[in-house]
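Structure first, commentary second.
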Amino acid sequence: MPTPKLKTLVIAAFALILSSPFDGVAADMDPAPADWPSFDYQRKPGEFKRNKYGIVDPSPDVVSLQQLPVDTYGFVDWTKAIKDTIIAPRESISGKPPALGPEDSEKFSGDILIRSKMKFMPDVIFPHSAHTEWLKCSTCHPRIFKKKAGATPITMTGIWNGQFCGRCHDKVAFPTRNCFKCHSVPRSTSK
Ligand code: HEC
Ligand code: HEC
Ligand code: HEC
């Protein structure tokens, strides 16, 4: 039976051993090394990354935010990050392809012009290609948007209340305070 003093010491040492490796990683996480594309992203979820000798490789395999492109507003430009193959998102967290319905096999990559209802705002371009890179058709059609240009009565207040584009923007996609990333084209004069 250890004396109380020794017991404290043992517990303290134990706590140190437990916390130190995690502290190290969180506190001074280096940017991913320059050769990051050769990282093994294929390991199974929950498994350690191992080097070629089979030893656990503790280096971070995240792409440092510093290496991601930013848009003119200073936010990460995810569309460019994909285009420039800086990131290659997986199909799903488990790595298994998601379940697709027949409606998801349809192809469409057109830009949709959504005309502004108010004179002082530029028109909106909705780019399909930037979205279908991440999302399947049935994420949006028909529940959020009808599959016909102009058929959905989109309003800005609705967006700010989390409807329409606001289902994602302000939540998981770039924030709506980037007005002109959506309101990106001069108002069309032919109405
Ligand atoms: C995620 C894309 C997106 C962003 C970001 C965005 N809007 Fe909109 N906005 C739309 C769409 C789509 C419409 C509907 C078409 C229209 O009327 O222009 C709209 C409509 C509007 C309208 C017309 C009135 C109405 O309620 O429909 C105003 C005014 C407006 N937006 C202002 C803004 C301002 C100001 C910002 C930035 C603070 C902003 N928007 C950011 C997509 C966006
Ligand atoms: C992020 C949401 C989103 C996703 C994902 C999406 N769409 Fe759309 N789609 C829209 C919006 C917004 C409109 C325009 C609605 C409006 O103007 O009322 C639209 C319109 C359309 C239109 C009508 C075009 C026209 O000129 O009338 C077609 C066709 C279409 N989408 C097909 C697809 C297909 C096929 C896919 C999958 C490959 C897809 N969409 C994925 C949001 C989306
Ligand atoms: C189901 C989710 C979802 C909905 C609904 C949605 N978006 Fe997006 N949008 C995304 C994601 C994800 C991205 C890519 C990540 C980012 O840029 O933040 C994106 C990116 C964009 C971009 C940037 C494209 C580029 O080339 O950089 C624009 C513009 C845009 N969305 C406009 C809209 C407009 C306008 C609407 C509504 C008509 C809308 N989005 C509805 C998820 C959505």
Exercise. Can you name the number of the only condition in (1) under 22 Å from ASP71 (Cα atoms); (2) within 9 Å of ligand 1 (Cβ to nearest atom); (3) modelled with pLDDT under 95 that PRO186 fails?
Worked result: (2)
Seminar exercise, completed: Of (1) within 25 Å of ALA99 (Cβ to Cβ); (2) touching a helix residue (DSSP H, G or I) at 6+ places or on another chain (Cβ under 9 Å); (3) without any contact (Cβ under 8 Å) to a residue 24 or more places away in the chain, ILE159 satisfies every one except (1)
For this session: Take ILE82 and decide whether it is surrounded by 15 or more Cβ atoms within 10 Å (Cβ to Cβ), at pLDDT below 95, away from ligand 1 (no atom under 16 Å from the Cβ) and of a type in the set (Val, Ile, Thr).
Result: yes
For this session: All but one of (1) closer than 30 Å to SER64 by Cα; (2) part of a loop (DSSP other than H, G, I, E, B); (3) within 12 Å of ligand 3 (Cβ to nearest atom); (4) modelled with pLDDT of 90 or more hold for ARG177, so report the exception by its number.
Result: (3)
Exercise. Does any residue of region 52-67 turn out to be modelled with pLDDT of 85 or more, within 25 Å of PHE180 (Cα to Cα) and not charged (D, E, K, R)?
Worked result: no
Problem set entry | Selected residue (criterion: nearest to ALA88 (Cα to Cα)) from residues of region 133-157 that are surrounded by 14 or more Cβ atoms within 10 Å (Cβ to Cβ) and more than 10 Å from ligand 3 (Cβ to nearest atom) | CYS137
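The values are calculated or read from the model by the stated rules, or taken from the named source; none is laboratory data. The model shown is predicted, which means the values in this text are computed figures rather than measured ones. We place every Cβ from the backbone using ideal geometry, glycine too, and count neighbours over all the protein chains shown.
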